[in-house]
1. Would you point out the residue of region 63-85, among those that are touching a residue at least 12 places away in the same chain (Cβ under 8 Å) and farther than 17 Å from ILE108 by Cβ, that is surrounded by the most Cβ atoms within 10 Å (Cβ to Cβ)?
2. Select from region 2-27 the residues that are surrounded by 11 or more Cβ atoms within 10 Å (Cβ to Cβ) and of a type in the set (A, V, I, L, M, F, W, C) and write down the one among them that is nearest to PHE83 (Cα to Cα).
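We did not get these values from a lab; they are worked out from the coordinates using the rules stated. Because the structure is a prediction, the values reported are computed rather than measured. Cβ placement follows ideal geometry from the backbone for every residue including glycine, while neighbour counts extend to all protein chains displayed.
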Amino acid sequence: APAKHVESWPMTFCDSTTVNVERDIVSVSRVSKNRIGEIQMARYHPDHAWYYYPRMTQDHILLFKTFDSILDGTNRCTIHTAFDLPSATTDADKPRQSRESIESRAFILY
């Protein structure tokens, strides 16, 4: 059987060279039943350049940095999201294949 491919809600990334962390990233409280933590959210800015990955299959892998504490001018994080891709299919009666993903995080200390 042919591999399934994503037809809606593709992974989408903002080019980190178009992000100003001080201007575009905001810390927000994340409240859960047993813990209060913090996450970062992004603010829109017209300078942002966005790229998405249509028609990904189970054989495709995306690797990106979510946080880096180093302040040497390199990319500290990757703003990422997904969006409804209405032009993914022209057949209105055919259901579109949504993205299914497995997330794995790794900490690298050096």
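1. Checked region 63-85; the qualifying residue surrounded by the most Cβ atoms within 10 Å (Cβ to Cβ) is ILE79.
2. The selected residue is TRP9.
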